[in-house]
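Visitor: The structure's right below; bear with me while I get my questions together.
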Amino acid sequence: MPPESPESTPPAPADGKVSVTPGAPETASDSADSDTDTAEPPAASTPAKTAAADTASAEPTTASTAARTATTAAAGTATAETAKTAADAPDSSDGATKAKPKARRARKSRTSVIEADAAVTWADAGDDSDAAEPEAGKPSDTGEKTVDAKSNTVDDKSTADDESTAASESTADGKPGAGGGEDAKTGDDEDAKDAEDGDESKGDGEKSKGDGDPFTAFAPEPEFVPGRVGRIGRRSGSALARFFAHEWTLAAIGSLVLAIAMTWPAIRHPATTIPQDIWDPTLQAWQMAWAGHILTTDPLQLWHANAFYPDQYSYAFSDTLLGYAPAGMIGTGPEAAVVRYNFVFIFIFAFAFFGAYALVRQLGAGRTGAAVAGAAFAYAPWRLGQAGHLHVLSIGGIALALAMLARGHGFSLKNGYEPEKRRWGWVVGGWLVAAWQISLGFGIGIPFAYALLFAVLASAITWGYRQLFRWKERRPFGWKLLVANLGGGLAFAGVSAMMAYPYLQVLKQHKEAKRSAEIISLFSPPLKGFFISPPESWLWGDAYANARSTLGWAPEMALLPGFFLYGLAFAGLFVSVWKLQHRVLLGVGVVLTTMLAMGSNGPGNGDFGYMALYRVLPGFEGIRTSGRLMVWVTLFLALLAAGAVSAFADRAVELFADQTQSDVGNRAGVWRLITLIPLVLVLAEGVHKPQPNPEVPPAPVAMSTLEAPLMVLPTGELQDMNTMLWSTDGLPKMVNGGSGFTPDDQQILRLNMQQFPDEATVAQLRELKVRTVVVLRDRAQGTEYAKAIDAPIDGLGITRTEEGDVILYKIDG
């Protein structure tokens, strides 16, 4: 606002006196700073208001001009309240001259307050001419400010009433002083006019846009302030929207939906059918049920299962799936066990896809490349032949643990080591996921543990070398990261030791549990097995029927990871988002893991590969087949393929930008759709033949009603797997059991029980304290156990009863 000229200031009364109450603010801006409420404008009488209307052309005073300017600024910025103005300027040129510095300071203060969106209160124009010091003895007893202009006194009483009624209340309460004169009347008229102007200005500010002052049209609508419930709803809705729109949420949901489709019809009849066959899956359904039951009842007996009675550590006779124990705590009985198995079966495919997707994204590839890697890792054709081995299919924790460890260490193949991205929490999480993975079993877990150990050593050596000789600036590791690795590593080692102890006890008590070199050779796949599909493959199964017949044991030797995956991985050696050195390392990884997976068929009859590990490293002597290392072959191939597909996707974006002459970076039209073809092809190779899942044999008798320990006939490795599932009804102790190996004492008992009932077998059962023998008529007929159906029992001290197709023998103690 420019300073006002002296000509615009009306003459003040010659005898005008100004009296200010001690302690009251001298300027309007001072008053506004000390009080956020708006003061009333000076009062004016009704006759004065009428006179003001007749003298509308009168020259405005300095103070009224300032008020109108402030009103315009408030309307333009829509952030300050409407100014309330009245004028009662003293008729003294000397006083006006002294008032100019005060007026400039007041205007400056008012502008600052408006810009800060504060409420501004304008007092009368006399405040602008407070240059004169108050006369001694003239203070107001009531704390009011009094302006004496030729025997006319105007009382300005500040109130805290609502702004919308301040002007009318001021007019009603204002009282003119006694006496009068033409000058006083004129001053009152001008006061009344300015008061009306202030009321109108304030009213304009309170009207809707388009009414009154046109400058209010530029003011924004008042911001809506929701209540507490509204704020909570908005925050919750926004958080949910962000959660469901997040890449990782979409990836998890997509993984699950894809798994349901690819494993169909596992979800169709989850209580009565089971994938692949009715043997190994029923064993693994029992394993989860046992873990969930015993951990909630008697955790110290975890390793001494109800099956294989009276052997100890029988839960460790095969890979335990202990990590799925929380699922085993839900429901009881055979039906719940089958439902649980089907849902876990779907989960492991979704988890494998998601884990590989997360790993590839962390390493620096694009979303399409990560999806291809996830599809290859979860749905490689060789995994169709392992559909009955839940412990072999459960590999998602491997990829996810590597992804979390890489994220926590700020590492990616694309950018290398970035210290600023270190997150110790991710490191701890990665080690815990790795510990969970190894709790599922040692068949996959032992190679994973050695891979982690190798990765830790290689990373430490590489970091130290580059820190000393390669990096120009030191890249710190940090004590937090060191502690996280030590703590996480100890947790992983602790779980591994807890899992290893019972297996070592099994090897100690049962020498036959150790895998001999001959057994390793029997299950070692030849090189051609990596190009032969299992029969379950919809795309390649029938085409390779003759080739499979040339394999010694096709279920463990038909290890095709996918022809399209081979092609994409080969392309990834030349065109990729990965650096050349990383492509070379990934290619070397494919070759080395393939050699190891070949077992005794590797170079030098395996002496330069798997057989060397078998002889040197603890744990490998317990793994039956080297073909399980196909997990690592597939992972390296998937990483190479992801690099190639990501490069193709980046090129698609560039072509789209060239065609459209735009800088669009997240859309590529038809070119981006073309990059989805590799994903479709990889998934097509993982589709299984459409066929219904086999029905689970129902329990012939309620096992929980039988006196234990018990034995079910006929008995054998496969039949006993069904019996183990039935035993989830109460989990009674029983002699039956099937696993990865058969204990010698159990094999002897099976042979002897072909003569049951006779004196020798009854005596042997009494020695084992077996109380009940269950004979299944439909299964025993035509087998070595058919004698147990109707053989005489006189003089044996046992009783026989029949319940439908079930024959029960009670053995007295």
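The values are calculated or read from the model by the stated rules, or taken from the named source; none is laboratory data. Because the structure is predicted, anything quoted here is derived from the model rather than measured. For neighbour counting, all protein chains shown are included, and Cβ atoms are generated from backbone atoms with ideal geometry for every residue, glycine included. Each accessible area value is taken on the protein alone, full model and side chains, heavy atoms only, with ligands, DNA and RNA left out. Shrake-Rupley method; radii C 1.70, N 1.55, O 1.52, S 1.80 Å.
Condition check ((1) at pLDDT 95 or above; (2) surrounded by fewer than 20 Cβ atoms within 10 Å (Cβ to Cβ); (3) within 19 Å of Arg624 (Cα to Cα)) across all residues:
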site	(1), (2), (3)
Ile519	no, yes, yes
Phe530	yes, no, yes
Thr550	yes, yes, no
Ala569	yes, no, no
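Visitor: Name the single residue, out of those in segment 659-676 being open to solvent by 90 Å² or more (accessible area, probe 1.4 Å) and part of a helix (DSSP H, G or I), that is modelled with the lowest pLDDT.
Guide: So, considering only residues that are open to solvent by 90 Å² or more (accessible area, probe 1.4 Å) and part of a helix (DSSP H, G or I), the one modelled with the lowest pLDDT is Val670.
Visitor: Then there is this: Restricting to segment 239-270, what's the tally of residues that are open to solvent by less than 50 Å² (accessible area, probe 1.4 Å) and either in a helix (DSSP H, G or I) or among the polar types (S, T, N, Q) (or both)?
Guide: Final tally of qualifying residues: 11.
Visitor: Same structure again: Quickly run through segment 364-392 and pick out the residues that are within 14 Å of Thr675 (Cβ to Cβ), of a type outside the set (Ser, Thr, Tyr) and open to solvent by 10 Å² or more (accessible area, probe 1.4 Å).
Guide: Gly366, Arg367, Ala371
Visitor: Given the criterion farther than 30 Å from Arg423 by Cα, among the basic types (Lys, Arg) and either in contact with a strand residue (DSSP E or B) (Cβ under 9 Å, 6 or more places away or on another chain) or surrounded by fewer than 14 Cβ atoms within 10 Å (Cβ to Cβ) (or both), identify the matching residue among Lys480, Lys472, Lys511. Let's see the steps before the verdict.
Guide: Working: Lys480 fails: farther than 30 Å from Arg423 by Cα; Lys472 fails: farther than 30 Å from Arg423 by Cα.
Criteria check complete, one pass: Lys511.
Visitor: If you take the residues of segment 327-343 that are open to solvent by 10 Å² or more (accessible area, probe 1.4 Å) and free of Cβ contacts under 8 Å to residues at least 60 places away in the same chain, which of them is nearest to Ala399 (Cα to Cα)?
Guide: Step one: of segment 327-343, the residues open to solvent by 10 Å² or more (accessible area, probe 1.4 Å) are 327, 329-336, 339-340, 343.
Then drop every residue that is not free of Cβ contacts under 8 Å to residues at least 60 places away in the same chain, which leaves 327, 329-331, 340.
Details: Ala327: 22, Met329: 26, Ile330: 27, Gly331: 30, Arg340: 24 Å.
Here the residue is Ala327.
Visitor: Can you tell me which of Thr728, Thr705 is under 48 Å from the mean Cα position of the chain (by Cα), exposed (fewer than 14 other Cβ atoms within 10 Å of the Cβ) and not aliphatic (A, V, I, L, M)?
Guide: Going through Thr728, Thr705 in turn, the sole match is Thr705.
Visitor: For a quick check of your reading: which helices (runs of 4 or more DSSP H) sit entirely within segment 374-484 and have at least 2 residues that are polar (S, T, N, Q) and closer than 21 Å to Val590 by Cβ?
Guide: Those helices (runs of 4 or more DSSP H) span 442-465.
Visitor: Right, next: Could you check how many residues of segment 583-601 are touching a residue at least 60 places away in the same chain (Cβ under 8 Å), open to solvent by 10 Å² or more (accessible area, probe 1.4 Å) and of a type outside the set (D, E, K, R)?
Guide: Going through segment 583-601 one residue at a time, the tally reaches 4.
Visitor: Hey, another quick one. Among the residues of segment 682-697, write down those that are at pLDDT 95 or above and either β-branched (Val, Ile, Thr) or open to solvent by 60 Å² or more (accessible area, probe 1.4 Å) (or both).
Guide: Listed by number, the residues that qualify are Val682, Val687, Glu695, Val696.
Visitor: Restricting the first residue to segment 566-582 and requiring it to be under 9 Å from Gly643 (Cβ atoms), which pairs with a second residue that is acidic (Asp, Glu) and not in a loop (DSSP other than H, G, I, E, B) meet a Cβ separation below 8 Å and a spacing of at least six or different chains?
Guide: Val577/Asp650
Visitor: Further, regarding this structure: Could you please find all residues in segment 387-400 being more than 26 Å from Pro692 (Cβ to Cβ) and touching a Leu at 6+ places or on another chain (Cβ under 8 Å)? Break it down stepwise before answering.
Guide: Restricting attention to segment 387-400, the residues satisfying the condition of being more than 26 Å from Pro692 (Cβ to Cβ) are 395-400.
Scanning segment 387-400 gives Gly397, Ile398, Ala399, Leu400.
Visitor: Only one of Val735, Val712 is farther than 19 Å from Gln312 by Cα and of a type outside the set (D, E, K, R); which?
Guide: Val712
Visitor: Okay, next question. Given the conditions (1) open to solvent by 50 Å² or more (accessible area, probe 1.4 Å); (2) polar (S, T, N, Q); (3) within 30 Å of Arg624 (Cβ to Cβ), and given that Thr799 satisfies all but one, which numbered condition is not satisfied?
Guide: Only one criterion in (1) open to solvent by 50 Å² or more (accessible area, probe 1.4 Å); (2) polar (S, T, N, Q); (3) within 30 Å of Arg624 (Cβ to Cβ) is unmet by Thr799, namely (3).
Visitor: Check Arg407, Arg361 and return the single one that is touching a Phe, Trp or Tyr at 6+ places or on another chain (Cβ under 7 Å), surrounded by 22 or more Cβ atoms within 10 Å (Cβ to Cβ), over 29 Å from Pro555 (Cα atoms) and modelled with pLDDT of 95 or more. If you could, list the steps in order and put the result at the bottom.
Guide: Working: Arg361 fails: touching a Phe, Trp or Tyr at 6+ places or on another chain (Cβ under 7 Å).
Answer to the check: Arg407.
Visitor: What number of residues within segment 273-317 satisfy the criterion of being more than 34 Å from the chain's Cα centre (by Cα) and in a loop (DSSP other than H, G, I, E, B)?
Guide: Residues flagged as more than 34 Å from the chain's Cα centre (by Cα) and in a loop (DSSP other than H, G, I, E, B) within segment 273-317 amount to 15.
Visitor: Right, another one. Within segment 519-553, count every residue that is touching a residue at least 40 places away in the same chain (Cβ under 8 Å) and under 21 Å from Leu596 (Cα atoms). Quick ask: steps written out before the conclusion?
Guide: First, the residues of segment 519-553 that are touching a residue at least 40 places away in the same chain (Cβ under 8 Å): 519-521, 523-527, 529-530, 533-541.
Then drop every residue that is not under 21 Å from Leu596 (Cα atoms), which leaves 519-521, 523-527, 529-530, 533-534.
The qualifying residues number 12.
Visitor: Does any residue of segment 740-748 turn out to be among the hydroxyl-bearing types (Ser, Thr, Tyr), open to solvent by less than 50 Å² (accessible area, probe 1.4 Å) and touching a residue at least 24 places away in the same chain (Cβ under 8 Å)?
Guide: Yes - at least one qualifying residue is present in segment 740-748.
Visitor: When segment 699-719 is examined, which residues are found to be touching a helix residue (DSSP H, G or I) at 6+ places or on another chain (Cβ under 8 Å) and without any contact (Cβ under 8 Å) to a residue 60 or more places away in the chain?
Guide: Met703, Gly716
Visitor: Scan segment 483-508 for residues that are of a type in the set (Phe, Trp, Tyr) and surrounded by fewer than 15 Cβ atoms within 10 Å (Cβ to Cβ) and report the count.
Guide: 1
Visitor: How many residues, within segment 623-654, are open to solvent by 40 Å² or more (accessible area, probe 1.4 Å) and not in a loop (DSSP other than H, G, I, E, B)?
Guide: 5
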